[in-house]
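A short write-up of the structure that comes next.
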Amino acid sequence: MLAAGTPDGVGVALISGTGSLALGCNAAGQTARAGGWGYLVGDEGSGYTIARQALQAAARAWDGRGPQTTLAERLLNELDLAQPQELVHAVYGRQQDRHWLAGLARVVLEAADAGDGIAGRILDEAAAELAVMCLAVARQLGFSPAPAPLHLAVAGGLLVHAPAIRERLVRTLRERGLASLELQIVPDPVAGAVRLASRCP
C-alpha cells in the first residue's frame, strides 16, 4: 500500500475498513506501525467501532440513558426492525460477521450528513483515533515535526468511500501539527505490488 500511495514507498499508510491500522517507512528503510490490534483490543476509528458506538448510542437513547439521536430510528429502518428490542437478536445473531456489522457505519455517515450531533461526534472521535495512529507512526519514523510534507496513503472501505471521515482526519492532523500533508487515496493497494514489480530488472 505504501508503494501504491507514496513516492518511493516513503510515508505513512492508514487503513480503515472493518478494522484499522497505520504503518510507515522512512527513507532509511525503518518501519513502524500502530493499531491493528483487532476488534477486541483495538480497531479504533474503524467501521466496526463506528457501528458499535452507533448501536450503543441508540440503545442509550431508547432507555433514556442518553441523548436522543436519529441513529435509533435509522438503525431500525436499516435492519428492518419494528421494535428496539428486536435489535438484540438482529445483532447478536450475526455478531461473528464483523464485515456486516462494520457496514452499519454507513448509517452513521448518513445521520451525520443530515446534522445528527451524536453521529457527528462518533465520526469526530473516529477521525481523532485514526489521526493518533498516524502521528504515532510519524513520530517513530522522524516525520513529525518536519518541514517536508508527510505523504499519507489511505485505504480501506471507510477512508476510500467516506469523504466525511477523510476531511475530519486531515483537519485533525493539521490541528495537531502536521500542517504539510499530502494525501493519496488508494482504492486498490495491489497496485503497489504492480509498481514494485515494474521497477525490477
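Throughout, read-outs are computed from the coordinates displayed, never taken from laboratory work. None of these values were measured; they are calculated from a predicted model. Cβ: placed from backbone, ideal geometry, glycine included. Neighbour counts: every protein chain shown.
How compact is region 81-157 by the rule of thumb for globular proteins, expressed as Cα Rg over 2.2 N^0.38 Å?
1.54
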Computed on alpha carbon atoms, what radius of gyration and Dmax characterise region 47-122, expressed in Å?
11.3, 31
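Any idea what the dipole of the chain comes to, in debye rounded to 20, about its Cα centre with Lys/Arg Cβ at +1 and Asp/Glu Cβ at -1?
Here the size comes out at about 540 debye.
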Say a site is exposed when it is one of the trypsin sites (Lys or Arg not before Pro), sits in a DSSP loop, and has at most 15 other Cβ atoms within 10 Å; what is then the longest site-free stretch of the chain?
95-175
In a shell of Cβ-Cβ distance under 13 Å around L21, excluding L21 itself, what net charge do Lys and Arg (+1) and Asp and Glu (-1) give?
-2
In whole angstrom, the spacing between the Cα centers of region 86-151 and region 153-181 equals 10
At 1.002 mPa s and 20 °C, plugging the Kirkwood radius over alpha-carbon pairs of the chain into Stokes-Einstein gives what diffusion coefficient in µm²/s?
121
In nm, give the distance between the simple-model label positions of H161 and A114, each being 7 Å from the Cα along the Cα-to-Cβ direction.
1.9
Taking 7 Å along the Cα-to-C-beta vector as the label spot, tell me the D188-A28 distance in nanometres, rounded to one decimal.
3.6
How much mean residue ellipticity at 222 nm does the chain get from its helices, if each DSSP H run of length 4 or more adds -39500 (n - 2.57) and you divide by all residues, to the nearest 500 deg cm²/dmol?
-15000 deg cm²/dmol
